[in-house]
Every structure is written in structure tokens, then in C-alpha cells.
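Taking it in order: structure first as C-alpha cells, then the write-up.
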Amino acid sequence: MKAYIMTGDNLGAWLDTLARDFTLIAPVKEEENVILFKPVKGFAEINLNYTNSTVSPKGWIFPQTEEMFYFSTAGGQINLTDVQAPRPAIIFGLRPCDIKGILTLDPVFNGAYPDPYYQNRRENTILVGLCCTRVERHCFCTSMGGGPTDGRGADLLVTEIDGGYGLEALTSRGEELIHRYQGYFTPDQHSRVILAREELGQKLAGQFTRTVDTTGVKEFLDQNFELPYWDEIARRCLGCGICTYICPTCHCFDIFDFAPDGERGVRSRCWDSCMFSHFTRMAGGHNPRPTQKERVRNRFLHKLKYHRDRYDLDGCVGCGRCVTKCPVNIDIRQIIADLQEVAQHA
Amino acid sequence: MKIQEKLREIARKLLAGGEAGVVIGYAAGSEVSRVVPAFISREEDVDRLVWNPLCINNLVKYLLDYRHEPGKVAVVVKGCDSRAIVRLLQDNQISREQVIILGISCPGLINPDLVAARLDPEAQIKAVTTSEQDFSLQTEREIFTFTRDEALLEKCRYCEHHTPVISDFIIGEEIPPTTPLDPFTAVKALEELPVEARSAYWDKQFSRCLRCYACRNVCPACTCRECIFDQAEPCWVTKANNLSENMAFHLIRAFHVAGRCVDCGECDRVCPVNIPLSLLNRKILKDVKELFNVPTPGTSLEELPALGIFTNSDPDEFM
Ligand code: SF4
Ligand code: SF4
Ligand code: SF4
Ligand code: SF4
């Protein structure tokens, strides 16, 4: 693993160049208190003064609306046309929890049944991580096996250091990117970058306001599907899609056709949410998750159990977004703590 | 804290006497700056109920979940929330006999972000005092004072009804209507812009809508049994997230709540990407008030929604 150093000025110049050569996706201050990952034309549009973006950047690998193909049934024939392949992209500024979010999605879309749409974007997108410089109130990544300076999964990891930035190439793709733009960097001869990153990691470790312990929670849920606890949580749940849509690991979708003239149209897949009442409604009208209780339970079981059953990975990376945004304070950290308490008394 | 004690006392009586099956109120949340909607049905849980300047949620919509349950439901409402009760009553969503309204005379609430920034998340609020100038929150160890200027919640700066407009109990001293700031200042500023600029403004806002439908789900004026945005057949608005579909969603919803929106501010509060929904709904509110010379919807049971009735004096230049 090789490390490099760049000055602050060079970071700007490098990003301007990247924006010219690639589709560059980076954090942008959209409004007061709203940070979104968006395509940018250069460094001037980027905002690095954030910890977590309002919505996770997963949409750049798994878009909220992905056009799959165009179709036409004109003249009694079915014709399908592929959509244009996305341009090679770079996502700059991914926080460690969001990188881990992508690693959580990988086995779903890129595992035993590779999904060409996901695969295509994933392979065409270089991930540039950025170590956090402060811990937000709801962050609990360290409790979920990650950490604010743990960039595993990125191609390149950037750390703010004294007088500039340190870069570590974590994959050959990251290394190639450095080589292609080598004028912007100098090799890190004295392990300054690693040392700075470790020091930062130690400093940030003390800033977490709440840790959670998932020990035994999955095993308890394995044995206990029916719990009155879910009624309690569901009672106040609004059944909206906030938590699932801003989450870096939620990945449910629906597929539908849009053909205004009935002959030509596009088939798309769009994010869907297990919290919506219609999510499991079947063609005949039957709904196997008839009330909010089953839906809420599904979401938390997916995070804390099913994803581990299937892929041996936690389904939550501890980014804290759903904690911040839930209008009725359904707080996954509290749910984990409550379940653990119930488990201990069971 | 007098209000909190009084509230618990009334709740306890209602549950003990079997008069109410459940009391919907607020309980302490997962951190000091948050409260959670609480559904108290046992006397021994009554002490979970809290009242403090962080009790923002409008709890009225939960009444719909009890429509088909036997027994009465008691619900805690602030002035602004109480207009939502009128909304549900006028829309025949609930019956007056089924609800017991625990009205709180509300001096205004605190912006929870400021509380989060200053207080330890694990702290517990032990006592609250509010004065004309400030809010003081007392925790186990310290007293934190916030001036109203810095901390008063935005919507409370425009408060029309501190004391609920409908109630069975009024808890706390009645606060007469004050002269609030002009709620339409922001609307007027936007109205001044040329049409292209206004259009660009809303395009930018609606573009980032996630269509999570939190604004709809929380809204006491959104009570359709099946919302058209959930209908699969016919599919009026697709799940595709793009400006055109997002715009369709917002305009349809704005018109569906036109003249019925009680200006409770909940849609604005819950939006995860800070789309200024109050601005949109207040524009319509302003138009409705000017055209029909009516008070804010939900102000009184007798005043039916302007667009829900017809009188010969209605403006009809579009016909
Ligand atoms: S469940 Fe919540 S905290 Fe966990 S990854 Fe998703 S949004 Fe983040
Ligand atoms: S708007 Fe009025 S009644 Fe509503 S919370 Fe604010 S001060 Fe209280
Ligand atoms: S709450 Fe906000 S993001 Fe969600 S649907 Fe409403 S406007 Fe869109
Ligand atoms: S539209 Fe918004 S402000 Fe109006 S009643 Fe519904 S939630 Fe309240």
C-alpha cells in the first residue's frame, strides 16, 4: 500500500482535472443543512465541511431510478434497446460508513446472481474515501465494525494532514489513478500519512456519544420472531420512507414500465421501501405484511439478522442517518439496546 | 413542570376511571433533545408522560388508528395541533364523543438542534421554566438557559393559537392570542420574483424530493383511505424520481390540502431534505384567506373549509 501527499491547492486543481476526465460525484451544499452527493464541474462546487451527507451516496451505484431498457411494440414487433452505459465516474469524499455501505450492497447485487446494472456502475466507478474529521452526534460506526478512519473498500483514501492531504492507494485502481495524475502528488517518504491517520483515529474514538453492543441480538432474534416490542415501535411509526431512502444499505426496489403512448416506453427500477404498506401487496390484493408492525419488524430484522444470515455482514453500518431524521425518534441504537435487554431477561 | 404534573394527574384519572382506554402524549426520547409519541394505557405508565418545550410532534393523526377501536382516546394537543382536531372532525374522520382533548396552553417550543448542541444527550430534563424572554431547562446537574430570540421554534414565531381552539381540559394558564410575526413574509418575498425565478426555485426544491411521503403521512389533512400516490392501477404518478413526477406529487398534494391545511408545520418539520413545504402551503393559505376572507382552517368547528362549501358570494371569475 503506497501513500502520497498533496497540498491543499493541488487537491483543488486535481479535482478540477478529475471533473473534466470523469463524471465527478462529490458532496455539495444544496441548502442550509442539506449536503448531497452530486455531479460537479470542479472543486469550487464541492463542500468538504460535513461529516455525513443528508442522503447516502449509494444512489450513484444503485440509483433511485435506473432506466433498464427502452421498448417498443410498434408494428406488432417487440424491440428492445439498451440504455446508454454510464460514463466512468469517481465518487470523491465518501465517508468510511458509506464505503462500508457499498460493501454491504455488493453481495446482494454482485454476488451469486450478478446484477448487470449494479455491476456496470460499480465497475465503472472509482471510490475515493475521505476520513472523517469530526464525529456527529448520531454516528456509531465503531459499534458496527467500522471507524471514522477505516477506509477499507475505497480505491483511494484521503486524510487531512498538516498542510495538505495524505492519500493511500488501497487497490490497484487507486494506484493507477495516482499514476495517471502523478504531477499532483509526492510520495510519502516518512509514513506521515499513516501516522496522521492513526492519530486522527485515536482522537475521534473519544468523540462518540453513544456506542451500541449487538452481542447476542441476532441470536435472540433467531429464536424470537414474535415480540410485543414491535407493536410498541410500530404504533408511532409513520410508515414513511425516510429511513430506508437515506440509508446506505437499504436496497429494495420495484420495477415498472412507463409508456405514455402505450407503444413505446422505458422499463425502470426504482427504490421502494419495506416501510410502505404497498411494498408486499400482491397482485390479488393479499398483503403478507398487513400492518406496520410486520413492516417495522422486517426493517430491523433485515439490519440485525437477515443480512447476517445471508452474507455474514451487519445490515447497518452505523451512519446514524435514520436516527437523525426519523420524525418519531425510532432510534436503531435504542432498539439494539432494548433488544439486548429483553434478550438478557429472556 | 406544573403542566406536566397536571397532565399526569388528569391522565391517571382518565385511565383509572376507565374513561379513556389510552392517552396519547409525549414521553422522553432516546436523547435529551427528542421526545417520542407515547401511547399510555396503564395507570402505572402515566409517569412516562412529559411536557417540555421539545414536544413538537402533532399527535392528532394517531387518532385515526383508533377509529375502529372501542373506548375513548385522550390526546395531548398544543394550540397549533388543536386545529388538526377540528380538521379531522370536519372531515368526519373521528367523532367528538370518541376523543378527550387534553389541551395545553403552549408558550412556544425550542429548536431541538440548539438543545442537542448544548446538553449532554444522556441528560434528563427535570424542570422547565419559560418566561417572556427565555426558556430554562434544568437537568440533573445544571440549568441551561436559551433566549426566546435564539431558540424559539420558527413556527412558534407565527403562532396564532397558543391556547387550543377546542379541548376538554385546558392545562396551563390560557395564553391569549398575541400578535405574531406576519406568517406570509416569506411567501410575499417569493411572490415578488419573476415567474421564471419562482419556477427555478421550486424546480430546485422538488428535484431533491425523495418521495418518502413522510410529509403526506404526517399530515392531518391527508386522510384518504387510499392515496392516489399509492395506487398501482391506474398509476397516476410513477415511482420514478424525476422533476416531472416529483412536481406532480407536490402540486397534487398542495391542491388536495388547499383550504384544509391547518398550518401545523409538521410536513415542513419531517422532510429529510428540508424542502420548505410551509412556504408552498402558506402561499395557498394566503390565497384562500384573501379570496374567501376566512380564518386559518381548523380555527373553529363552525367555519367549514372554504373549498368544501359553496356560497353565492364565492369568487368565480374562472368559471
Ligand atoms: S440503519 Fe440507519 S444507522 Fe444503520 S446504516 Fe441505515 S441509516 Fe445508517
Ligand atoms: S405554534 Fe403555537 S401552539 Fe404550536 S407549538 Fe408553537 S407556540 Fe405552541
Ligand atoms: S418529506 Fe420531503 S423528501 Fe419526503 S416526500 Fe415529502 S417533500 Fe419529498
Ligand atoms: S400540509 Fe403540512 S402544515 Fe398543512 S396540515 Fe398538512 S402537515 Fe400540517
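The values are calculated or read from the model by the stated rules, or taken from the named source; none is laboratory data. Here the structure is a predicted model, which means the values were calculated and not measured. With ideal geometry, Cβ positions are generated from the backbone for all residues, glycine too; neighbour counts draw on all protein chains shown.
The table for this structure:
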item: Residue among B:ILE56, B:ILE100, B:ILE40 that alone is within 14 Å of another protein chain (Cβ to nearest Cβ), buried (at least 18 other Cβ atoms within 10 Å of the Cβ) and over 15 Å from the mean Cα position of the chain (by Cα); result: B:ILE40
item: Residue match in segment A:30-50 (condition: of a type in the set (Ser, Thr, Tyr) and more than 30 Å from B:CYS212 (Cβ to Cβ)); result: no
item: Residue in segment A:280-292 that is polar (S, T, N, Q), under 23 Å from A:GLU66 (Cβ atoms) and surrounded by fewer than 22 Cβ atoms within 10 Å (Cβ to Cβ) present; result: yes
item: Qualifying residue in segment B:13-33 (condition: among the charged types (D, E, K, R) and within 22 Å of the chain's Cα centre (by Cα)); result: yes
item: Among (1) away from ligand 2 (no atom under 12 Å from the Cβ); (2) under 30 Å from B:LEU277 (Cβ atoms); (3) modelled with pLDDT under 95 - the single one B:SER131 does not satisfy; result: (2)
item: Out of B:LEU251, B:LEU243, sole residue that is modelled with pLDDT of 95 or more, surrounded by fewer than 16 Cβ atoms within 10 Å (Cβ to Cβ) and more than 28 Å from B:TYR158 (Cα to Cα); result: B:LEU243
item: Hits in segment A:45-56 - residues which are more than 14 Å from chain B (Cβ to nearest Cβ) and touching a residue at least 24 places away in the same chain (Cβ under 8 Å); result: A:ILE46, A:LEU48, A:THR51
item: Members of segment B:253-292 that are among the β-branched types (Val, Ile, Thr) and away from chain A (no Cβ under 11 Å); result: B:VAL257, B:VAL262, B:ILE284, B:VAL288
item: Test: residue in segment A:102-113 that is free of Cβ contacts under 8 Å to residues at least 40 places away in the same chain, buried (at least 24 other Cβ atoms within 10 Å of the Cβ) and not assigned by TED's automatic domain parsing to the domain that holds A:CYS316; result: no
item: Selection status of B:LEU279, touching a residue at least 24 places away in the same chain (Cβ under 8 Å), surrounded by fewer than 20 Cβ atoms within 10 Å (Cβ to Cβ), within 12 Å of ligand 4 (Cβ to nearest atom) and under 16 Å from the mean Cα position of the chain (by Cα); result: yes
item: Qualifying position, being out of contact with any helix residue (DSSP H, G or I) (no Cβ under 9 Å at 6 or more places or on another chain) and in the same structural domain as A:GLY241 (by TED's automatic domain parsing), among A:GLY315, A:GLY285, A:GLY320; result: A:GLY285
item: In segment B:184-220, the residues that are in contact with a His (Cβ under 8 Å, 6 or more places away or on another chain) and within 16 Å of ligand 2 (Cβ to nearest atom); result: none
item: Residue satisfying condition, being within 11 Å of chain A (Cβ to nearest Cβ), over 19 Å from A:CYS240 (Cβ atoms), surrounded by fewer than 21 Cβ atoms within 10 Å (Cβ to Cβ) and at pLDDT below 95, within set B:CYS227, B:CYS235; result: B:CYS235
item: Every residue from segment A:78-122 that is among the β-branched types (Val, Ile, Thr) and assigned to a helix (DSSP H, G or I); result: A:ILE99, A:ILE102, A:THR104, A:VAL108
item: Pick from segment A:251-274, criterion free of Cβ contacts under 8 Å to residues at least 40 places away in the same chain and touching a Ser or Thr at 6+ places or on another chain (Cβ under 6 Å), ranking: farthest from the other protein chains (Cβ to nearest Cβ); result: A:SER273
item: Filtered residues of segment B:239-272 (kept if within 18 Å of A:VAL328 (Cβ to Cβ) and either outside any helix (DSSP H, G or I) or of a type in the set (D, E, K, R) (or both)); result: B:CYS264, B:GLY265, B:GLU266, B:ASP268, B:ARG269, B:CYS271, B:PRO272
